[in-house]
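Here's the structure we're looking at; comments come further down.
The values are calculated or read from the model by the stated rules, or taken from the named source; none is laboratory data. Keep in mind it's a predicted model, so treat the numbers as computed, not measured. Methodologically, a virtual Cβ is constructed for each residue, glycine included, from the backbone with ideal geometry; neighbour enumeration extends over all protein chains shown. When the accessible area is computed, the model is the full protein with side chains, heavy atoms only, and any ligands, DNA or RNA have been set aside. Shrake-Rupley method; radii C 1.70, N 1.55, O 1.52, S 1.80 Å.
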Amino acid sequence: MSNILRQANALKEAKDTFGVYDEFGWYISPHQWTSVLTDSGTAVAGGVGGVLTLTNSDGTVADNDEAYVYSTVAMFQPAANKPLYAEALVSFTEANVSAANVAFGLASSVAADLIADNGAGLRASGTVVAIYKVDGETVWRCVSRNGSNVTISLSTATAGGSYQQLGIEIVDVLTASATVVFTVNGQLLIDSISGLPIKHTLPLSGIAAASLFAGGKNGSTSLETSLWDYVGCWQAR
C-alpha cells in the first residue's frame with residue numbers, strides 16, 4: 001500500500017471556512033495589512049511571540065491622532081448561512097486617565113476617523129461590527145451597524161490593563177438578519193442597563209463587505225498606544 005501524505009488541518013478546514021490570522025512575526029504596509037496613520041504614528045511588529053504595537057503619534061503628540069491596521073482585502077460579508085467569528089488579544093494602559101480610544105472588529109472602507117473624535121464612538125456609516133472603548137469611559141462598548149441601522153451597547157466589562165481576548169460572533173444568520181454576540185476573555189459581555197448578555201440584531205440587506213481591523217486614537221494630548229498579540233477572523237464559505 002502506498003503511503004498517503006497526511007493533510008494539514010488548515011487544508012481540511014479550507015473547504016468549509018476562510019479567513020485571516022496573524023501573530024505579527026513581521027509587518028509591512030500595504031501587504032496583507034494596510035496602515036492608516038496620522039501625525040506619523042507607527043505600526044511595528046516584534047517581540048517574543050509577535051506583537052503589533054500601534055502608536056498613535058510621533059514625537060509631536062496631538063489629541064485625536066490615530067493608528068489602525070486593516071486587512072487590505074475586504075473579505076468578510078455577513079450573509080445567510082455564513083456565520084463568522086473574529087478574535088484579538090489586546091493590551092493597553094491609559095497614558096491619561098480614561099483618555100484612550102481602542103477598537104477591534106469589522107468595518108467597510110477603513111480610513112481616518114473610523115474612531116470618531118472626542119469620544120463620539122465609531123463612524124456612523126457603512127458596515128461596522130466592533131468592540132471598542134472611547135475616551136471619557138473605562139468599559140467596553142459594542143456596535144453593530146449596517147448603514148443607518150445601528151445598535152450600540154455599553155457593557156460592564158472594564159477595558160484595558162493586562163491582555164484581554166476580544167471576541168465577536170455573528171450567528172443565527174438568517175435571510176434577513178443575524179445575531180451578533182460579544183465576548184471578553186470568553187465571557188459574554190453584559191449590558192450595563194438590562195444586566196443581560198448583549199445580543200444585537202444585524203440587518204443583512206445590502207450590507208457592505210468589510211475588513212478586519214484594529215486601532216486606537218488619542219483622547220488627549222497624551223500619547224496612547226495599544227499592543228496586539230494576534231488578530232484573526234474566520235467565516236463559513
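Descriptive notes on the structure:
- Every residue from the stretch 178-237 that is open to solvent by 20 Å² or more (accessible area, probe 1.4 Å), among the aliphatic types (A, V, I, L, M), without any contact (Cβ under 8 Å) to a residue 60 or more places away in the chain and not in a strand (DSSP E or B): 193, 196
- Scanning the stretch 73-93 for residues that are open to solvent by less than 50 Å² (accessible area, probe 1.4 Å) and under 12 Å from residue 170 (Cβ atoms) returns 76, 78, 79, 80, 84, 86.
- Residue that is open to solvent by less than 30 Å² (accessible area, probe 1.4 Å) and in a strand (DSSP E or B), where the choices are 152, 168: 168
- Any hit, the stretch 40-49, residues being in contact (Cβ under 8 Å) with a residue 24 or more places away in the chain, farther than 20 Å from residue 167 by Cβ, under 18 Å from the mean Cα position of the chain (by Cα) and open to solvent by less than 40 Å² (accessible area, probe 1.4 Å): yes
- Some residue of the stretch 82-100 being closer than 15 Å to residue 200 by Cα, β-branched (Val, Ile, Thr) and touching a residue at least 12 places away in the same chain (Cβ under 8 Å): no
- Residue 63 being at pLDDT below 95, open to solvent by 30 Å² or more (accessible area, probe 1.4 Å) and not β-branched (Val, Ile, Thr): no
- Residues (among the hydroxyl-bearing types (Ser, Thr, Tyr), out of contact with any His (no Cβ under 8 Å at 6 or more places or on another chain) and in contact (Cβ under 8 Å) with a residue 24 or more places away in the chain) located in the stretch 137-177: 138, 155, 156, 162, 163, 175, 177
- The residue of the stretch 94-133 that is nearest to residue 161 (Cα to Cα), among those that are touching an Asp or Glu at 6+ places or on another chain (Cβ under 9 Å) and open to solvent by 30 Å² or more (accessible area, probe 1.4 Å), is 94.
- Any pair with Cβ under 6 angstrom, 6 or more apart, that starts in the stretch 125-136 at a residue that is assigned to a loop (DSSP other than H, G, I, E, B) and ends at one that is polar (S, T, N, Q): 126/108; 126/109; 134/101; 135/101; 136/98
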